[in-house]
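Structure, as C-alpha cells:
The values are calculated or read from the model by the stated rules, or taken from the named source; none is laboratory data. These figures come from a predicted structure and were not determined experimentally. A quick note on method: Cβ atoms are made from the backbone with ideal geometry, for glycine too, and the neighbour counts reach across all protein chains shown.
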Amino acid sequence: MIRALNPDGSKHYPITARLRLSGGVMVTIFILEARAYIFIELSAKFGFPSINGDPWISFAEIQTLEKINGGDIFSAMNQEIQLKAGLGILIQSCFSIDIDAMFIHIHIHWCIVWFHQEWSIVLADFSKYPRTTEPVLTPGRVNPYALKGIGPGEEPGAGRVLRFGQGANGNGEGSVEWYSDSASGTPNMRGLSSRGPVSLPSAPYGTPIEHCGGEYPISLGIDGSCPVTYRLGMFDDASMASIFSNLIQVGSGGDLRLGSCNTLTFADPQGDMSYRFSGSPCQSVIQTPYQDDITINGLPSDYVSKGISVVGSLDSLTSNVPFTTYRILLIQPV
C-alpha cells in the first residue's frame, strides 16, 4: 500500500522537485539582513490519487490505473507541474562563529527569520491527473479497476437490476451495480464506483433502473421500455423533487437525466415531499405514506401519454397547465 492522502486530507506527494532562478538586493545593518528578490521557478510534484477518499492506494489499483491511463507508471500519478514567477521579502538576523582547533576549522552559522513572504503567479500549468473512473459505461464494457466484492467465477445473482448512486451496493458507498443471471447475456457488474459523472448511452430492453442518489450527475440514454425508480430516502434533505421532461432534481443530489422511460416511480420518502412537475420523461408514479403537495406546470404537450399517479396520501394538488379537461384517474390511500 502507498499513501495517497496526508492525515489532514490533502494530496500526498512523495516525489517533489524544484528549479529556481532568482536575483535581488540585500541590505545589512549589523546582524539584521533585509532581502528583496524576484524569481522564476519550475516545480513538479508526483503522487498517486486517492480512490473513493481512501488515504492509501494498493499496488493492484495502481496497475489498473496504468492500464486505463496509457500503460506507464507516470500516467497513473497526479502530476502537478507549474512554471511560476514571483517576488519575495526576507528579514532575518544571522550569526556566525568560527572555531579553530589544531588543524580543524569549524564554522557555525544560523539565522532567526523575522519575516518571510513570497507572492507568485502561474505562467504556465502543465499538470495532468489520471482518470480514476470510466467516463462512459456501456453494456459489454466493464471497468475492472472499479469492480468490488466479486471473486473470480462468482455470479452477482439472478434478476437484472441496474442500480446507480449512493448506497446502491448496501454499504453506503457511491456505486453502480448491474445484477444479471448468466443466461441474460448482460455484463456482470457490481460495486462499480460512481465517484464522478456517469453516462450510460443505452441499456438492455426493459432493464429495471434504480437511482439511489449521490452527489454526481448521472445521465441515462435509455429507451422507453425501461422502468425507473428514484429512491428518495437516500437524501437527508429530500423535501422537494423537481421533474422536467428529461431531468429530475432532488435535494443536494446530483442531477438524473433520462432519455425516456416506461415509468418513473418515486419511492421511499423520509417525510412530506413537494413535487414540482414541469413536464415528465414518462408516466410518473408517486408512492408515499405522507401528506405530499403536487404542483403541475408547463404545457399540455409536456404530458401527452405521461400521466401522474399517486399511491398513498395527498395534501394538495395544484395545476397551472391550461388543460381543457382534467381527469383524475386514481388517488389511492394506503
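Numbers for the structure displayed
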item	result
Residues of the stretch 250-293 classified as modelled with pLDDT of 85 or more and among the small types (Gly, Ala, Ser), total	6
Test for GLY23: is it surrounded by 12 or more Cβ atoms within 10 Å (Cβ to Cβ), modelled with pLDDT of 90 or more, of a type outside the set (A, V, I, L, M) and in contact with a Phe, Trp or Tyr (Cβ under 8 Å, 6 or more places away or on another chain)	no
In the stretch 21-62, residue nearest to LEU123 (Cα to Cα) [restricted to those that are part of a strand (DSSP E or B) and free of Cβ contacts under 8 Å to residues at least 12 places away in the same chain]	MET26
Hits in the stretch 291-312 - residues which are crowded, with 16+ Cβ neighbours inside 10 Å and under 17 Å from GLY271 (Cα atoms)	ASP292, ILE294, VAL310, VAL311, GLY312
